[in-house]
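Trainee: If you scroll down you'll find the structure; I have some questions about it.
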């Protein structure tokens, strides 16, 4: 089984329509791949998101609702994945910024045993970004350059909200440093995955940027850099102890 987590926070305006769109696509376009479930992971919403999510869980097949009182994308993903029974888990953003047609090429290498982690990338050949502000583009590229400089990574886009992995690897990834509760968790998965020698596949995607994005670049940058320094210390200490 495969399970896709959608982290949400106060999304009453778009939740129902977007989740139904994803459920319909999975049912119509990927019925041959595997049973694919959806998890709505709610990070403490204070609007009608919980009510709507519970209604969707009753209405739609293979959909469950998970409520967390504390915020943080990493926290939501870890809670959803640890409570899952699926062999393959992953996540995408509620705005469905990544074209849904990329789900098959993302999931197939995992179901066929040809990859351990698959990460969407907006920064490699074959990728295309629609409607993104120059400032966001520059910031994204800067973050990824910092990651490459600090960890000598090969993957191209740590921040893209479109990642999937074999769930059995999660405890090992966490034990080696992929443990943050915030946005950085998505990048930590790839950094630690490469450090452990796992097969990390970069997948070019078409990404349509959302003008409603809730990411605050300044605050994110401070969190991101602090977490990267902490992760580098952890990995260095483990390498020295070998």
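Trainee: What ranking of 62, 195 emerges when the number of other C-beta atoms within 10 Å of each C-beta is taken as an exposure proxy, fewest first? Write down the numbers at each step before the final one.
Mentor: Numbers: 62 17, 195 20.
Fewest-to-most Cβ neighbours within 10 Å comes out as 62, 195.
Trainee: Also: Which value in deg cm²/dmol, rounded to the nearest 500, describes the helix-derived mean residue ellipticity at 222 nm for the chain, given -39,500 (n - 2.57) per DSSP H run of n ≥ 4 and division by the residue count? Working shown, then result.
Mentor: On the way: 8 runs with 105 residues, N = 242.
Only helices count here, giving -14000 deg cm²/dmol.
Trainee: What whole-number distance in Å separates the alpha-carbon centres of the range 57-87 and the range 9-29?
Mentor: After rounding, the separation between the Cα centres reads 15 Å.
Read the figures in this text as sums done on the coordinates, not as results from a lab. The structure presented is a predicted model; accordingly, all values stated were derived computationally and were not measured. Cβ coordinates were reconstructed from backbone atoms using ideal geometry, including for glycine residues, and neighbour counts include every protein chain displayed.
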